[in-house]
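Inspection log for the structure reproduced underneath, given as structure tokens.
The numbers here are math on the coordinates, done by the rules we state, and not lab data. Everything numeric here is computed off the predicted structure, so don't read it as measured data. Because the Cβ atoms are built from the backbone with ideal geometry, glycine has one as well, and the counts that use them run over all protein chains shown.
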Amino acid sequence: MSDLGEFRERVRDWCAANVPTDWRREQATVTESEFVAFQKVWFATLHQAGYAVPHWPAEWGGGMSVAEQVVLYQELAAHDAPRLVLAFVGIHHAASTLLVAGTEEQRQRHLPAILDGQIWVQGFSEPEAGSDLAALRTTARRAGENFVVNGQKVWASGGAHADWCLLLARTDPEAPKRKGISYFLMDMTSPGIEVRPIRNAIGESHFCEIFLNDVEIPAANLVGAENAGWQVAQATLGAERGMTMLELAERLGNAGFRWLVEACHDNPDSRVQDQVSAFEIEIAGLRGMCRELVERSEAGTAGAADASIVKLFYSELLQRMTDFGVQIGGVRAHTVLTKPTSSGWESGAWVLDFIGSWEWTIPGGASEIQRNIIAERGLGMPREPSVQ
Amino acid sequence: MTELDFSELHDELRAVAADLLGKEADREVGAPLLAQAGWTGLEIGEEFGGAGATVRETAVICQELGRAAANSGYLGGTVIGVGLLNLLQPSALRDRLLAEVAEGSATVAVGVSAEDRAVDPAWTLDAEGRLNGSVPYVVDGAATWLLAPVTGPDGALVVAAVTTDAAGVTVENQPVVDETRSLATVSADRAVVEILSFAGDPGVGLATVRDRAYLGLACDSLGLAEAMLDATVSYLGVRQQFDRPIGSFQAVKHACADMLVQISVTRQLVGAAVAAIADGDPGAGRAAAMAKAYAGEMAVQVAGKAMQLHGGIGYTWEAGVHAYLKRATLNRALFGSPAAHRLRLTEDRR
């Protein structure tokens, strides 16, 4: 057996012994603090096995090859493991930011802490800066060894539980909008921070508004140069998209497709079965695209629009699949009022999954923005003239 | 050979093919040119004058022929025909046919109908061992040899071989709207044939031939869709309306983005099918069905959108978009509709 085959066997054995059975049923009715505790225990369990941050460099506790990571996420999905929801920003965005643009001191301070369970939130979007992120208005004014921050962030997922925040703020109000932004690490226990959960369309409250009122951030928490925050964000935003999309695609192809097959199993309508087969084909294509994106990212040969193609296709496929599940489920599907926390975007609670799928087509670059990127960067089509 | 070597070889093959096909203004690529380029003999053994390559290379040519919407006999004669010959037991006739196909002096047509996904043998042998039957929609049926899958005297599936100018054999051209493909009704009435046997399991052999047909069409649809997207993007960059290139309008560029997404998905499915068939993977049939179903629908949508985005010019005969759209719709229908291929996946779930 190949090394990779042996590795797969090892992960399978580990999953069989460690993936909690029955977690979906239990997590359907938990309180917020029970959800947080469950997430932290699951993260620690994965970390102990060396499976929490496989994509990090070996010196920081990762070092798994890309081929092994693919196997790991395939098997975690196949064994229906809970998702890492709370740790997500920390192990992906915060870590890649620190590894790409952070100082050694910043890495020493935060990477081990993330492994110990430190939770991160992304403070990028603002009420007036959504798709046009560079229009952000939160200011950071230099005052001696500190920056003083004022403004408002929104759509900060997991903000209520976060220990630290990746913050974009304007440090030069006179500069062109992309040239006056800086990137900060902000301690969420600092005075002047108020976090208010926003109830989303399916009744959950993981999105938060963050109000910043004269919050002091030490200058040592600046990532990259002052006024170079936009470049730092661009360099680190897409860094983890390949592997995170691969994990989601594997989950859609495992649990997601299983729910659909089960829901449709006894349906005698040949059009229903035809549509299920059509989804099966699209999932096969999606999984292939994710594997290729991961490999090409590793080799440095990924195209400028490859990640956008995958994100757009995944989010719209998720929406179409869950919509189909809602239709197949009929009125009965509407009686399922909760979905398990820690699950993927496809939990089998069709109506909530369908409504929740807009959380994929809107954030992280709405589908319309993705299509612009694909057309302009992937196909080289002319940009829209800017309004004078 | 490593993957990298393969990819370099394929890039080279692709460039040569694109160059050669680009010179054929009327899209007509006859058997001599195919043989001269070495394409009919790609998968034929070196001992018969071929290149001893694999279905991976054949797939590259199929994609380029689709990109050029070329009128060639490649699907019937090589993808299906050589595919079948390679599965037969060596014999004087089989070896001779391989050599003649490689050099371009003979062409073969496999007597199966492209009307459905299934390719059940539709011929019979009478008591004297003569071939009878009539099969419609034979792809590139106007070949010099007919290879007819038929149940032999001992009940096993064999292949009856006969020249198409032999007594009792008729080939009637069947015109279709897509002028870049040739279909024919091939009939035999008490034709004297020579029997060729499969080297391995005949059922598996015929399934492989069938999967190759699906794959050839999927590659063709992929290539023609790529050509349509390229042509459309290029036109949208120069055509001006409202004082700006129309490609700068989001309604227009979003349509192109969707075309690229669909093409990207198809590339994965086609790549998986090529690899599965080349490796003799047990999942080859499923992979080929997935590629055929998705590519067939995708190419019609992409070519249709290309016609729309070209505007009035796109609807003219001169622009040529119509040839691609017609070919895409015929590709979708040949050897089973997308729904027929999805039904196979449905049956697998039962």
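Using a 10 Å cut-off on Cβ to Cβ distances, tally the other chain neighbours for every residue of B:337-345 and report the average as a whole number. If you can, show how the numbers build up before the last one.
Numbers: counts 0, 4, 5, 1, 2, 10, 4, 1, 9.
Mean number of neighbouring Cβ atoms from other chains: 4.
According to the Kirkwood expression over distinct Cα-Cα pairs, how big is the hydrodynamic radius of chain A, in Å? Each step should come with its number before you reach the end.
On the way: mean 1/r = 0.0453 Å⁻¹.
Every distinct Cα pair counted, the radius reaches 22.1 Å.
Using the 2.2 N^0.38 Å rule of thumb for compact globular proteins, work out how segment A:118-226 stacks up: its C-alpha Rg over that value, please.
Working: Rg = 13.3 Å, N = 109, 2.2 N^0.38 = 13.1 Å.
Cα Rg divided by the expected 2.2 N^0.38 Å: 1.02.
Give me Rg over Rh for segment A:3-85, both radii from the alpha carbons and Rh done the Kirkwood way, two decimal places.
Working: Rg = 13.5 Å, Rh = 13.6 Å.
Ratio value, two decimals: 1.00.
Under 19 Å between alpha carbons, and skipping anything fewer than 8 positions from A:LYS179 in its own chain: which lysines qualify?
Filter leaves no residues.
Please report, in Å, the Rg and the Dmax of the protein assembly as shown, where both are computed over Cα atoms only.
Calculated on Cα positions, Rg and Dmax stand at 29.6, 105 Å.
Give the list, by residue number, of cysteines in the protein assembly as shown with no other Cys Cβ closer than 4.7 Å, or say none.
Those would be A:CYS15, A:CYS165, A:CYS208, A:CYS264, A:CYS290, B:CYS256, since no other cysteine Cβ in the protein assembly as shown comes under 4.7 Å of theirs.
Going through segment A:333-388, which trypsin sites (Lys or Arg not before Pro) have at most 12 other Cβ atoms within 10 Å and a DSSP loop state?
Working: sites: A:ARG371, A:ARG377, A:ARG383; in loops: A:ARG383.
Those that pass, being in a loop and sparsely packed, are A:ARG383.
For segment B:133-207, which GluC sites (Glu not before Pro) are in a loop by DSSP, counting at most 15 other Cβ atoms within 10 Å?
Values: sites: B:GLU172, B:GLU179, B:GLU194; in loops: B:GLU179.
Of the GluC sites (Glu not before Pro), the ones in loops of segment B:133-207 whose Cβ has at most 15 other Cβ atoms within 10 Å are B:GLU179.
Leaving out same-chain residues fewer than 8 places away, which lysines sit with a Cα under 25 Å from that of B:LYS326?
Partners found: B:LYS23, B:LYS253, B:LYS292, B:LYS305.
Please average, across the residues of A:260-272, the number of beta carbons from any other chain that are within 10 Å of each residue's own beta carbon, and give a whole number.
On the way: counts 0, 1, 0, 0, 2, 2, 0, 0, 0, 0, 4, 1, 1.
Per-residue shielding by partner chains comes out at 1.
What GluC sites (Glu not before Pro) does segment A:282-388 have in DSSP loop regions with at most 14 other beta carbons within 10 Å? Could you put the intermediate results ahead of the total?
Values: sites: A:GLU282, A:GLU292, A:GLU295, A:GLU298, A:GLU316, A:GLU346, A:GLU359, A:GLU368, A:GLU376; in loops: A:GLU346.
Loop-located and lightly packed - none at all.
P(r) for chain B, please, calculated from all Cα pair distances in 10 Å bins and given in %.
6, 25, 34, 23, 9, 3, 1, 0
May I ask you to list the lysines whose Cα is less than 24 Å away from that of A:LYS40, ignoring any residue fewer than eight positions away on the same chain?
Within reach: A:LYS339.
Take the alpha-carbon centre of segment A:137-213, take the same for segment B:167-242, and report the distance between them in whole Å.
59 Å
Rg/Rh for segment B:202-349 to two decimals, with Rh computed the Kirkwood way over all alpha-carbon pairs. Don't skip to the end; give the middle numbers.
Working: Rg = 17.2 Å, Rh = 16.1 Å.
Rounded to two decimals, Rg/Rh equals 1.07.
Under the definition of Cα pairs under 8 Å and six or more residues apart, what whole-number percent is the relative contact order of segment B:16-171? Walk me through the numbers before you get to the answer.
Details: 262 pairs, mean separation 29.2, N = 156.
The value is 19 percent.
Evaluate the relative contact order of segment B:202-349 (contact order divided by residue number), counting alpha-carbon pairs under 8 angstrom at least 6 apart; express in whole percent. Walk me through the intermediate numbers first.
Details: 172 pairs, mean separation 45.9, N = 148.
Relative contact order of segment B:202-349: 31 percent.
Hey, how many Å between the Cα centroid of segment A:63-99 and the Cα centroid of segment B:27-91?
With segment A:63-99 and segment B:27-91 each reduced to a Cα centre, they are spaced 45 Å.
In terms of the Cα gyration tensor, with a ≥ b ≥ c the square roots of its eigenvalues, is segment A:321-369 rounded because a/c is under 1.5, prolate because a/b exceeds b/c, or oblate?
Details: a/c = 2.97, a/b = 1.66, b/c = 1.79.
Oblate.
With every atom except the alpha carbons ignored, what do you get for Rg and Dmax of segment A:62-149, in angstroms?
Computed over the Cα atoms of segment A:62-149, radius of gyration and Dmax are 17.2, 53 Å.
For segment B:150-223, calculate the relative contact order in percent as a whole number, restricting contacts to Cα pairs under 8 Å that are 6 or more residues apart. All intermediate terms of the calculation are to be shown ahead of the outcome.
Working: 74 pairs, mean separation 21.7, N = 74.
Relative contact order, segment B:150-223: 29 percent.
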